[in-house]
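Chemist: Attaching a single structure in structure tokens format; questions to follow.
The values are calculated or read from the model by the stated rules, or taken from the named source; none is laboratory data. The structure presented is a predicted model; accordingly, all values stated were derived computationally and were not measured. Here the Cβ positions follow ideal geometry from the backbone for every residue, glycine too, while neighbour counts run over all protein chains shown. Ligands, DNA and RNA are stripped out before the accessible areas are found, and what is left, the full protein with its side chains, is counted by its heavy atoms. Shrake-Rupley method; radii C 1.70, N 1.55, O 1.52, S 1.80 Å.
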Amino acid sequence: MLLEPRTHTPLWMTIVAPIAAVFIVLILCGGLIVWAGAPLLESYFALFVGAFGSKFAIAETLVRATPLILTGLAAAVAFRAKLWNIGGEGQLYMGALAATYFGTGLISLPAPLMIPFLFVVGAIAGGILLLIPALLKTRLKVDEVVTTLLLNFVILLLTNYLLFGPWKDPMAMGWPQGAPIVDSGILPNLIAKTRLHGGLIFSVLAAICIWIVMSKTKWGLEIRAVGLNQDAASFAGIPINKTIIRTALISGGLAACAGVTEVAGTKEYLTLDISPGFGYTGIAVAMLAGLNPLGVIAAALFIAGIYNGADSMSRAMDVSNYIADVITAASLLMVMLAVMLTRMRVRFG
């Protein structure tokens with residue numbers, strides 16, 4: 001059995017292959033649901049209803065998708081340049097820390113200025129955090145997988161120290177949480193009586209902007225060129241180190257903005273659990289999307305729907321909600337296989 005490149009991939013195959021891969025995963029994972037003793041069709045129906053079956057369910061799915069879009073974009077941009085950013089979780093918390101520091105009374109601005117200000121300071125904080133591994137990579141050839149991963153724990157421990165110490169809200173009745181964001185810094189609510197906030201609009205606009213940058217600008221061309229072949233990019237006159245550093249600032253800033261949306265939108269104050277792993281899940285989102293910024297939106301909605309729906313299915317059918325992790329992981333592997341088969345042809349002989 002040999003794999004050979006396809007000379008031409010039809011558009012329909014590019015569209016249908018990932019969708020078919022997801023359906024195959026649902027069929028395979030159905031075996032686990034049956035093994036758990038639950039009826040298959042009713043369980044999947046409960047999953048769908050829990051994710052998209054009502055106004056409240058849709059709103060909750062979009063709330064969870066909002067930070068996933070931003071962390072997915074962060075991973076997609078970095079991976080395009082072969083900058084392996086595994087630190088989205090730490091950068092998310094760094095953005096949340098910056099928003100809390102400036103947004104709890106230090107700066108007082110009207111809402112049209114305060115909200116963009118919080119996103120800017122959060123993005124700067126996240127970009128600076130990823131700048132450290134980027135400089136270590138470009139100057140000392142240190143593996144960024146290790147440095148970005150370990151920085152996650154540094155920032156999480158810093159957050160833990162601040163919330164149990166100097167930043168602990170005295171009005172929180174002993175709970176480790178920060179002071180609330182000032183009213184002018186709270187993201188506007190989009191649907192009454194739900195938690196859906198303006199961070200969704202910001203994340204979608206960010207995806208569109210990143211798509212334009214990556215596909216239509218010189219910066220995007222340089223990022224893609226460095227990721228495809230650094231030697232060829234250098235020969236063409238592209239500054240490799242400068243491009244990697246620029247990519248780090250963009251990627252870290254995007255992940256940090258996810259932290260801003262959680263602090264200024266979903267929670268309205270900093271806690272230790274503002275992220276159940278959005279930074280790590282963002283990597284799966286980026287890979288499911290094929291590193292396409294617009295595809296990140298669809299991938300984030302899919303994963304958010306799976307997780308929210310699995311919680312509902314767990315309550316209704318007594319199936320462990322860890323099935324969501326299995327579906328997500330299997331979907332990632334199957335979609336990667338499907339994408340490979342759209343580019344390569346299997347030949348026997």
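Chemist: Return yes when residue 343 is among the basic types (Lys, Arg), within 30 Å of residue 1 (Cβ to Cβ) and surrounded by fewer than 22 Cβ atoms within 10 Å (Cβ to Cβ) and no when it is not. Spell out the reasoning first.
Modeler: Numbers: among the basic types (Lys, Arg): yes; within 30 Å of residue 1 (Cβ to Cβ): yes; surrounded by fewer than 22 Cβ atoms within 10 Å (Cβ to Cβ): yes.
Yes; evaluated as a whole, the condition is true for this residue.
Chemist: Determine which single condition residue 108 fails, assuming it passes every other condition in (1) small (Gly, Ala, Ser); (2) open to solvent by less than 60 Å² (accessible area, probe 1.4 Å); (3) out of contact with any Leu (no Cβ under 6 Å at 6 or more places or on another chain).
Modeler: The number of the failed condition is (2).
Chemist: Suppose we filter 237, 253 for residues that are over 26 Å from residue 57 (Cα atoms) and at pLDDT below 95; which single one remains? Don't jump to the end; show me each part of the working.
Modeler: Working: 253 fails: at pLDDT below 95.
The match here is 237.
Chemist: Something else about it: Hey, could you check the range 313-337 for residues that are farther than 20 Å from residue 282 by Cβ and hydroxyl-bearing (Ser, Thr, Tyr) and say which is most open to solvent (accessible area, probe 1.4 Å)?
Modeler: Among them, the one singled out is 320.
Chemist: Pull up the range 114-154, narrow it to residues that are more than 30 Å from residue 104 (Cα to Cα) and either of a type outside the set (A, V, I, L, M, F, W, C) or under 19 Å from the mean Cα position of the chain (by Cα) (or both), then point me to the one that is surrounded by the fewest Cβ atoms within 10 Å (Cβ to Cβ). Spell out the reasoning first.
Modeler: Residues of the range 114-154 that are more than 30 Å from residue 104 (Cα to Cα), as a first pass: 134-147.
In the following step, the residues that additionally are either of a type outside the set (A, V, I, L, M, F, W, C) or under 19 Å from the mean Cα position of the chain (by Cα) (or both) were identified as 137-139, 141, 143-145, 147.
Details: 137: 21, 138: 18, 139: 9, 141: 7, 143: 12, 144: 24, 145: 14, 147: 18.
Once the filter is applied, the top-ranked residue is 141.
Chemist: Next up: Enumerate the helices (runs of 4 or more DSSP H) found wholly within the range 193-293, keeping only those where 1 or more residues are in contact (Cβ under 8 Å) with a residue 60 or more places away in the chain and open to solvent by less than 40 Å² (accessible area, probe 1.4 Å). Reasoning before the result, please.
Modeler: Working: elements: 199-216, 218-228, 230-235, 240-261, 278-288.
The qualifying helices (runs of 4 or more DSSP H) are 199-216, 218-228, 240-261, 278-288.
Chemist: With respect to residue 78, determine if the residue is open to solvent by less than 10 Å² (accessible area, probe 1.4 Å), closer than 30 Å to residue 131 by Cβ and part of a helix (DSSP H, G or I). Spell out the reasoning first.
Modeler: On the way: open to solvent by less than 10 Å² (accessible area, probe 1.4 Å): yes; closer than 30 Å to residue 131 by Cβ: yes; part of a helix (DSSP H, G or I): yes.
Yes; evaluated as a whole, the condition is true for this residue.
Chemist: How many residues does the range 117-163 contain that are part of a helix (DSSP H, G or I) and either without any contact (Cβ under 8 Å) to a residue 12 or more places away in the chain or under 21 Å from residue 79 (Cα atoms) (or both)? Write out each step before concluding.
Modeler: The first filter runs over the range 117-163 and keeps only residues part of a helix (DSSP H, G or I), leaving 117-140, 144-163.
From what is left, the residues that are either without any contact (Cβ under 8 Å) to a residue 12 or more places away in the chain or under 21 Å from residue 79 (Cα atoms) (or both) are 120, 123-140, 144-152, 157, 161.
Qualifying residue count for the region: 30.
Chemist: Inside the range 294-331, can you point out the residues that are in contact (Cβ under 8 Å) with a residue 24 or more places away in the chain and not in a helix (DSSP H, G or I)?
Modeler: 318, 319, 320
Chemist: Also: Take residue 169 and tell me if it is surrounded by fewer than 20 Cβ atoms within 10 Å (Cβ to Cβ) and either farther than 22 Å from residue 251 by Cα or of a type outside the set (Asp, Glu) (or both). Before you say what the answer is, go through the steps one by one.
Modeler: Details: surrounded by fewer than 20 Cβ atoms within 10 Å (Cβ to Cβ): yes; either farther than 22 Å from residue 251 by Cα or of a type outside the set (Asp, Glu) (or both): yes.
In short, yes.
Chemist: Determine whether residue 58 is modelled with pLDDT under 90, within 26 Å of the chain's Cα centre (by Cα) and part of a helix (DSSP H, G or I). Talk me through it step by step, then tell me what you get.
Modeler: On the way: modelled with pLDDT under 90: no; within 26 Å of the chain's Cα centre (by Cα): yes; part of a helix (DSSP H, G or I): yes.
When the stated conditions are applied, residue 58 does not pass them.
Chemist: Among the residues of the range 241-248, are any hydroxyl-bearing (Ser, Thr, Tyr) and more than 19 Å from the chain's Cα centre (by Cα)? Explain how you work it out, then say what you get.
Modeler: The first filter runs over the range 241-248 and keeps only residues hydroxyl-bearing (Ser, Thr, Tyr), leaving 243, 247.
So of that shortlist, the ones also more than 19 Å from the chain's Cα centre (by Cα) come out as 243.
Scanning the range 241-248, I find at least one residue that is hydroxyl-bearing (Ser, Thr, Tyr) and more than 19 Å from the chain's Cα centre (by Cα), so the answer is yes.
Chemist: Another question about this same structure. Given the options 39, 110, name the one that is under 27 Å from residue 269 (Cβ atoms), of a type outside the set (A, V, I, L, M, F, W, C) and in contact (Cβ under 8 Å) with a residue 40 or more places away in the chain.
Modeler: Just one listed residue meets the conditions, 110.
Chemist: Looking only at residues in the range 81-105 that are of a type outside the set (Gly, Ala, Ser) and outside any helix (DSSP H, G or I), which one is surrounded by the fewest Cβ atoms within 10 Å (Cβ to Cβ)?
Modeler: Quick first cut of the range 81-105, residues of a type outside the set (Gly, Ala, Ser) only: 82-86, 89, 91-94, 97, 100-102, 104.
Imposing the further condition that a residue be outside any helix (DSSP H, G or I) reduces the set to 82-86, 104.
Values: 82: 15, 83: 25, 84: 18, 85: 31, 86: 21, 104: 19.
Here the residue is 82.
Chemist: Could you tell me how many of the residues in the range 249-276 are more than 21 Å from residue 202 (Cβ to Cβ) and out of contact with any strand residue (DSSP E or B) (no Cβ under 9 Å at 6 or more places or on another chain)?
Modeler: 1
Chemist: Sticking with this structure for a sec: Please go through the range 1-39 and give me each residue that is at pLDDT below 90, assigned to a helix (DSSP H, G or I) and open to solvent by 50 Å² or more (accessible area, probe 1.4 Å), ordered by number.
Modeler: Result: 11, 12, 14, 15, 16, 19.
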